[in-house]
């Protein structure tokens, strides 16, 4: 049976095409001059350049983390180009009409129409192609509600006060090796500000695409939800099939002030490499949110099916009293993929609550690790955490690992941890087949059932997308 | 009899891990007939049902099985199911998170598609499923729960009968449907089976105990021992067995 399962796990990567456009790409390598060039290309103010250089100097003294349950050759940071931009005009296009039609077509192919008349079911989209944001939809409509949704490059120029106040406030430059690198070289990303007592009138979404060869993508996302506001945000990611490993080191910072709520969903489908483990994206990402004010809430939902290697731990610092942090995750690895992913819930405020639901699915020869930290500080009276950590194995050549850490300094806290490991059993498959259901459909049904608690946290249209993505990722998983 | 047999098993030999379990079984089942297979533990009764359904833990060494005139072993398990072979499991397995309704619909859709029938739309399917639930004394909420997830033994077995009713098979294999059931649950399950009896549909009822056959009355009874049918007869054979025990046969 395991041979059959293996053949069913073969996958096809549908987003693997390359767009042929002229682009301007810096030669590989990293030094202070490269950072000056990036900053100059973006016409950044001096303070921004200095911030980047400061980060770079810190990074030079740091070392790549070795503690994750991941194996890969060391990344040669001088073999990567740190800036690539589609060659249109001098800087980013001023409006969607100026965007290279080839790029628009790329996003169409990926199912992300950028023209507002193509209306993506009322979702505003910021599209990032290689290093540059190429267009944000629905800007005017959002502006009416006072919502700022633009590329981070624009925000640095147009909203310097907000950027200076919040950039690096949740993930400091020297937080970790990859965050420091990102702080030095980030080229674009999205910025969102929701004013006080405002419910963002539509879903916001950023779509990241790596196209250029030997390019790293280092985007930076910053979302600030002012008091009493609400926003739901989704990011999606794809890349062409290439034999070389490409680096993606993003930083996402979320700030929820008093009574605010941020819901952040990710559907990550970076190219995972071929069936022999060649190529694929190294996804080394730092995502963290702070529930700064009382009664605020941050919820991370992620569906991770892509990337050769995933290293990410979307976390919440629960500083405000009664604040709530949530982490719902589906991580599926197949082929030779490796994932070390989980979350950190840092309880500082009184009566803070966190929920962690992690579903890891391992197939093929992949390795899938959950790593989580729940920390309760001495003054977090009445803190509560519930963790549920389930692993599902498909076939007998893959691995599932769980590394839960609990640090409790308050005797009043209540912590629960549940963990299960199960297999898609031959009995389950046989039951389905005996009822006329073919094996592929059966596996996808079983896996979807396993992920149900997480999928119900996704915005509706993306839940459907996530279900389909799992189906594609498992294509061939039992034959 | 001039009927074309629905199922013809000839000299079937099958093994698990090199150990012979079925050692030359021959059995002919005509449309509409109910055959009971009885025998002590380890006699190979469940193996027979599972080999016919296509579970791949078993290796068929020799012999043939024709179902509706075609070679059954040429067909994958899901193809057999779509052609009308149904196995009611002795130990129905759980599929957490997949609702019973979703599972039943996927199953019925697959079988209907094969038969050239249109897929049922969701409301018609719901209606149909609810009606069958009622007959089996299952609450409608039952359909929303995960497949066999946290079901009692009786619910699991009734769920098997529910699936059978929806799939309308031509050959139903009941693998120890009575095991783990109290007398009331047994009656409900048996009524469900009896409601499905008709001149075209055949049943092979595998059981250790005569008790079930009080409710599902067979046309023929076969006694299996050591992987062979050692005695065949009518309804009365089962009663005789109960009286004298399996040692009488061996």
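Bear in mind that the values in this text are calculations on the coordinates, not laboratory data. The structure presented is a predicted model; accordingly, all values stated were derived computationally and were not measured. A quick note on method: Cβ atoms are made from the backbone with ideal geometry, for glycine too, and the neighbour counts reach across all protein chains shown.
For the residues A:421, A:352, what sequence is obtained by ranking on other C-beta atoms within 10 Å, fewest first? Mind showing how you got there, number by number?
Details: A:421 14, A:352 30.
By the 10 Å Cβ count, ascending, the order reads A:421, A:352.
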Highest mean first, what order results for A:279-289, B:110-120 on Cβ atoms within 10 Å? A:279-289, B:110-120
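What is the packing order of peptides A:322-329, A:303-310, taking the mean over residues of other C-beta atoms within 10 Å and listing the highest first? Could the numbers behind the result be given before it?
Details: A:322-329: 24.8, A:303-310: 27.2.
The peptides rank, most packed first, as A:303-310, A:322-329.
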Cα gyration tensor of the protein assembly as shown diagonalised, 5x eigenvalues square-rooted, in angstrom largest first, produces semi-axes 59, 26, 23
Residue B:26-residue A:64 pseudo-label distance in nm [points 7 Å out on the Cα-to-Cβ vector]: 7.1 nm
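For a Förster distance of 60 Å, can you work out the FRET efficiency between the beta-carbons of residue B:152 and residue B:11, rounded to the nearest 0.05?
Working: r = 41 Å, r/R0 = 0.68.
Calculated value: 0.90.
Could you grab the relative contact order for region A:322-451? Cα pairs under 8 Å, six or more apart, rounded to a whole percent. Intermediate values should be presented prior to the final figure.
Working: 319 pairs, mean separation 29.5, N = 130.
Contact order relative to length: 23 percent.
How much FRET efficiency would the formula 1/(1 + (r/R0)^6) give for residue B:215 and residue A:423, where r is the Cβ-Cβ distance and R0 is 35 Å, rounded to 0.05? Please list the in-between numbers first.
Working: r = 37 Å, r/R0 = 1.05.
It comes to 0.40.
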For residue A:72 and residue A:40, FRET efficiency with R0 = 35 Å and r from the beta-carbon atoms, rounded to 0.05? 0.60
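Between rounded, prolate and oblate, where does region A:266-318 land on the alpha carbon gyration tensor, with a ≥ b ≥ c its root eigenvalues, rounded for a/c under 1.5, else prolate if a/b exceeds b/c?
Working: a/c = 5.69, a/b = 3.18, b/c = 1.79.
It comes out prolate by the Cα gyration axes.
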Compute the long axis of helix B:122-135 from its Cα atoms, compare it with the longest principal axis of the Cα atoms of chain B, and write down the angle in degrees, 0 to 90, nearest 10. 50 degrees
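Within a 10 angstrom radius of each residue's Cβ in A:423-432, how many Cβ atoms of other chains show up on average? Whole number is fine. Spell out each step's value before the answer.
Working: counts 0, 1, 3, 4, 8, 7, 4, 11, 13, 11.
Going residue by residue through A:423-432 and averaging, the value is 6.
How much of the DSSP bridge set in chain B is antiparallel, in percent, rounded to the nearest 5?
Working: 24 of 42 bridges.
So the antiparallel bridges amount to about 55 percent of the total.
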Once normalised by the length of chain B, the mean sequence separation of its alpha carbon contacts under 8 Å that are 6 or more apart gives a contact order in percent of 29 percent
Classify region B:93-218 from the C-alpha gyration tensor, please: rounded if a/c falls under 1.5, else prolate or oblate depending on whether a/b exceeds b/c. oblate
Using DSSP, restrict attention to beta bridges with both residues in the protein assembly as shown and report what percent are antiparallel, rounded to the nearest 5. 20 percent
Quick one: helix B:100-114 against the long Cα principal axis of chain B, what's the angle to the nearest 10°, folded into 0 to 90? 70 degrees
Which number do you get for Rg(Cα) / (2.2 N^0.38 Å) in region B:7-248? 1.00
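Ranked highest first by average number of other Cβ atoms within 10 Å, how do B:36-45, B:128-137 line up? Numbers along the way, then the final one.
Working: B:36-45: 22.0, B:128-137: 16.0.
Final packing ranking: B:36-45, B:128-137.
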Can you give me the angle between helix B:153-167 and the longest principal axis of chain B, using Cα atoms only, in degrees from 0 to 90, rounded to the nearest 10? 80 degrees
For region B:6-96, just say rounded, prolate or oblate: build the C-alpha gyration tensor, square-root its eigenvalues into a ≥ b ≥ c, call rounded for a/c under 1.5, and beyond that prolate if a/b exceeds b/c, oblate if not. rounded
Fewest-first ordering of B:228, A:144 by Cβ atoms within 10 Å yields A:144, B:228
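Starting from the Cα-Cα distance between residue B:144 and residue B:228, subtract it from 0.36 nm times their residue separation and give me the gain in nm to one decimal. Can you show the working numbers first?
Numbers: separation 84, 0.36 × 84 = 30.24 nm, distance 4.27 nm.
Taking 0.36 nm per residue and subtracting the Cα distance, the gain is 26.0 nm.
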Computed helical MRE - 222 nm, the protein assembly as shown, DSSP H runs ≥ 4 contributing -39500 (n - 2.57), nearest 500: -8000 deg cm²/dmol
